[in-house]
Amino acid sequence: MRTFTLSVFFCLALSACVYGETIALWNFNDAVSGATGGANEFLVDRGSGTMTSDFTPASIGNTAGTALNSQDGDPAGQALSIKSNVNNGKSLFWHVSTSGYESIGVSFAAQRTGTGFSQNQFQYSLDSGSSWLNLGDLFSPATSFSLKIFDLSGIAALNNNDAIAFRIIFDGATSATGNNRIDNLLVSGSPITPPVTTPVPEPVPIALIGAGLAGILLVRHG
């Protein structure tokens, strides 16, 4: 029971670290069934951001989604589906501004088929994608939806920056039908609290206060 309690506490603490306010959310529920090239899937659903991919358009579509990592009561709906070993080494990109936010986090639900992309690398950019940095090791999604959380709260350069981009590089697919699914992709952060400043009295009021105190002393000693 003690172990279970500690595990629950750890999960809640990690969630609190990553789940701040929504900066951008893609729930992929705008999708029309079939291969769409991302025309509907890539529309941001809440907040502000853009999403693109260098996958071949015929390899981008949708499938049944999940409620895992859904926000604000969103239904399971659809999930993004990307497939085919011809796209090994290609990426899904999304760009956001973190202006006014700190403690940035990225989370999403992910799964793959047995011949889908088994080697995935999450990266971030501080300059709108001109250069990229790895966060963590390669990951391989399970064959059923599971939650992926990337805690970037320790990277100060991601805070209050309007040139932030993220991407996942996909590799390791072994067939033309092998695919990965992503759903409820969330970029979150905590609003930056403005520093508290104490107003400094103007010189004239200080002089007046001093004169008043001097007058009181003269009256008391007169």
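The values are calculated or read from the model by the stated rules, or taken from the named source; none is laboratory data. The shown structure was predicted, so the numbers you read here are calculated from the model rather than taken from an experiment. We place every Cβ from the backbone using ideal geometry, glycine too, and count neighbours over all the protein chains shown. These area figures cover heavy atoms from the full protein model, side chains too; ligands, DNA and RNA do not enter into them. Shrake-Rupley method; radii C 1.70, N 1.55, O 1.52, S 1.80 Å.
Is there a residue being out of contact with any Ser or Thr (no Cβ under 9 Å at 6 or more places or on another chain), of a type outside the set (Lys, Arg), exposed (fewer than 14 other Cβ atoms within 10 Å of the Cβ) and modelled with pLDDT under 95 anywhere in region 35-50?
Residues of region 35-50 that are out of contact with any Ser or Thr (no Cβ under 9 Å at 6 or more places or on another chain), as a first pass: 36, 39-40, 43, 45, 50.
Retained after the next criterion (residues that are of a type outside the set (Lys, Arg)): 36, 39-40, 43, 45, 50.
Among the residues that remain, those that are also exposed (fewer than 14 other Cβ atoms within 10 Å of the Cβ) are: 39, 50.
Imposing the further condition that a residue be modelled with pLDDT under 95 reduces the set to 39.
Yes - at least one qualifying residue is present in region 35-50.
Exactly one condition in (1) open to solvent by less than 50 Å² (accessible area, probe 1.4 Å); (2) closer than 17 Å to PHE122 by Cα is false for LEU147; which is it?
Looking at each condition in turn, LEU147 falls short on (1).
So, in region 122-137, exactly how many residues are open to solvent by 20 Å² or more (accessible area, probe 1.4 Å), in contact (Cβ under 8 Å) with a residue 24 or more places away in the chain and over 25 Å from ASN62 (Cβ atoms)?
5
Test of understanding: among GLN111, GLN119, which residue is at pLDDT 95 or above and either touching a Cys at 6+ places or on another chain (Cβ under 9 Å) or open to solvent by 60 Å² or more (accessible area, probe 1.4 Å) (or both)? Break it down stepwise before answering.
Numbers: GLN111 fails: either touching a Cys at 6+ places or on another chain (Cβ under 9 Å) or open to solvent by 60 Å² or more (accessible area, probe 1.4 Å) (or both).
Answer to the check: GLN119.
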